[in-house]
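Asker: What follows is a structure written as structure tokens; I'll ask about it next.
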Amino acid sequence: MKEFRKPVAMVPHHRAIREWILTTTLLAVGCFVLIAAAYRHYAVKTAPGGYAKAGSAPELEVTFLDVGQGDSIFIRTPSGRVVLVDAGPGKGEYSRFDAGERVVVPFLKRMGIRKIDTLVMTHPHADHYGGMFALLGKFEIGEFLDPGQPYPSELYESLLEKLDKLGTPYRLTRAPSTLDWDPSMLVQVLWPEEGHLENANPNNVSIVLRIVHGNNVYLLTGDIEMEIEMQLNAYQSGLRSTVLKIPHHGSTTSSSQRFLEYVRPRLAVMQLGINNKFGFPERAITERYRSFEIPVHRTDLTGTARTFSDGNRIKVQPEKGTPFTIHPFPSEPPEATP
Ligand SMILES: [Zn+2]
């Protein structure tokens with residue numbers, strides 16, 4: 001026999017009201033819980049630096065740390081993924097102090113970071129990975145990205161061994177490919193390409209990343225030299241960027257004329273140590289950026305530069321100096337290529 005059910009219309013009026021009140025209350029409580037969770041999420045995410053207000057729209061942060069003579073770039077994506085590209089020098093050949101211990105670890109702690117989802121080593125030179133040892137055991141590391149050049153260095157091998165012992169997943173990184181870091185970003189690996197790894201100058205195996213967030217583009221170049229810039233010139237106007245991490249600390253090996261014509265950034269960031277023994281930046285390079293009218297932030301002069309992209313503009317907060325805002329290029333046609 002079929003079960004008899006009262007049609008909805010026949011439910012007594014007061015019962016319908018009770019159900020309506022119950023549903024509405026549950027919805028309201030649900031919304032409150034969600035809003036409170038989101039508020040807490042943003043408050044926790046942004047509190048340590050105090051730069052973003054709780055509950056404000058999620059931004060992409062790309063911070064160029066002053067690690068002395070070397071590179072280290074901290075990235076936090078709008079959905080909260082934490083990426084560290086290089087970690088500065090350890091104590092030794094490049095530096096009188098361990099930049100990992102002195103700069104990177106304290107910065108990450110101030111940011112409330114417990115896990116580095118992706119640790120990128122652009123290339124096996126110690127001014128880029130020496131500081132990584134200080135991170136091990138202090139932060140969980142989700143994965144390690146390596147250009148994987150066969151490079152005979154005890155220090156590099158000991159880093160790989162330590163990461164392996166910690167069970168850190170190892171990922172060889174090759175161009176062309178994309179990295180799945182955040183649904184609101186496109187992250188392209190432009191270098192190194194297969195066939196350029198054996199016996200190459202380690203600078204020239206540097207992982208080059210192009211990070212697109214809305215209209216903003218960051219181009220992170222490691223220490224690539226002119227011959228790789230010439231390879232990348234094949235992308236032509238596809239190299240156009242809002243922010244360029246100047247390749248190889250302002251050395252004349254890099255920042256070639258044609259490459260800068262394609263990239264034409266609104267801001268270029270040079271990571272280097274004050275009075276470094278290499279004589280960086282070389283005068284010809286600072287003059288070249290000047291002739292292109294590209295403003296340069298130098299970490300040796302104005303310290304760490306924190307940048308925040310909302311997809312339309314980038315707020316730049318230098319450690320020493322006044323904050324300013326940059327905008328991506330308007331959609332003017334790219335330079336015609338000769
Ligand atoms: Zn370097």
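The values are calculated or read from the model by the stated rules, or taken from the named source; none is laboratory data. Here the structure is a predicted model, which is why all the values come from computation and not from measurement. With ideal geometry, Cβ positions are generated from the backbone for all residues, glycine too; neighbour counts draw on all protein chains shown.
Asker: Give region 166-213 a look and list any residue that's out of contact with any Asp or Glu (no Cβ under 9 Å at 6 or more places or on another chain), modelled with pLDDT of 95 or more and either within 16 Å of the ligand (Cβ to nearest atom) or not assigned by TED's automatic domain parsing to the domain that holds residue 235 (or both), or say none.
Answerer: If the condition is that a residue be out of contact with any Asp or Glu (no Cβ under 9 Å at 6 or more places or on another chain), modelled with pLDDT of 95 or more and either within 16 Å of the ligand (Cβ to nearest atom) or not assigned by TED's automatic domain parsing to the domain that holds residue 235 (or both), then 191, 192, 205, 208, 209 are the ones that fit.
Asker: Just for strands (runs of 3 or more DSSP E) wholly inside region 226-338: which have at least 3 residues that are buried (at least 17 other Cβ atoms within 10 Å of the Cβ), assigned by TED's automatic domain parsing to the domain that holds residue 123 and in contact with a strand residue (DSSP E or B) (Cβ under 8 Å, 6 or more places away or on another chain)?
Answerer: Correct list: 243-245, 267-270, 296-298, 305-309, 314-318.
Asker: Could I ask something else about it? Go through region 241-284 and give me each residue that's in contact with a helix residue (DSSP H, G or I) (Cβ under 8 Å, 6 or more places away or on another chain), more than 23 Å from residue 319 (Cα to Cα) and of a type in the set (A, V, I, L, M, F, W, C).
Answerer: Matches in region 241-284: 259, 260, 263, 278.
Asker: Let me ask something else about it. Please give the number of the condition residue 224 fails out of (1) of a type outside the set (Ser, Thr, Tyr); (2) touching a Leu at 6+ places or on another chain (Cβ under 9 Å); (3) within 16 Å of the ligand (Cβ to nearest atom); (4) over 19 Å from residue 73 (Cβ atoms).
Answerer: Of (1) of a type outside the set (Ser, Thr, Tyr); (2) touching a Leu at 6+ places or on another chain (Cβ under 9 Å); (3) within 16 Å of the ligand (Cβ to nearest atom); (4) over 19 Å from residue 73 (Cβ atoms), only one is false for residue 224: (4).
Asker: The conditions are (1) out of contact with any Phe, Trp or Tyr (no Cβ under 8 Å at 6 or more places or on another chain); (2) under 17 Å from residue 75 (Cα atoms); (3) of a type in the set (A, V, I, L, M), and residue 207 fails exactly one of them. Which is it?
Answerer: That leaves (1) as the condition not met.
Condition check ((1) loosely packed, with under 14 Cβ neighbours inside 10 Å; (2) more than 16 Å from the ligand (Cβ to nearest atom)) across all residues:
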position	(1), (2)
110	yes, yes
130	no, no
136	no, yes
155	no, no
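Asker: On the basis of being touching a residue at least 60 places away in the same chain (Cβ under 8 Å) and among the hydrophobic types (A, V, I, L, M, F, W, C), does residue 329 make the cut?
Answerer: The answer is yes for residue 329.
Asker: With modelled with pLDDT of 95 or more, under 30 Å from residue 193 (Cα atoms), surrounded by 12 or more Cβ atoms within 10 Å (Cβ to Cβ) and out of contact with any strand residue (DSSP E or B) (no Cβ under 8 Å at 6 or more places or on another chain) as the only criterion, which of 66, 86, 117, 98 stands out?
Answerer: 66
Asker: Which of the residues that make up region 69-83 are in contact with a strand residue (DSSP E or B) (Cβ under 8 Å, 6 or more places away or on another chain), in a loop (DSSP other than H, G, I, E, B) and closer than 19 Å to residue 302 by Cβ?
Answerer: 71, 72
Asker: Looking at 180, 98, can you tell me which residue is more than 20 Å from the chain's Cα centre (by Cα) and among the acidic types (Asp, Glu)?
Answerer: Of the residues listed, the single one that is more than 20 Å from the chain's Cα centre (by Cα) and among the acidic types (Asp, Glu) is 98.
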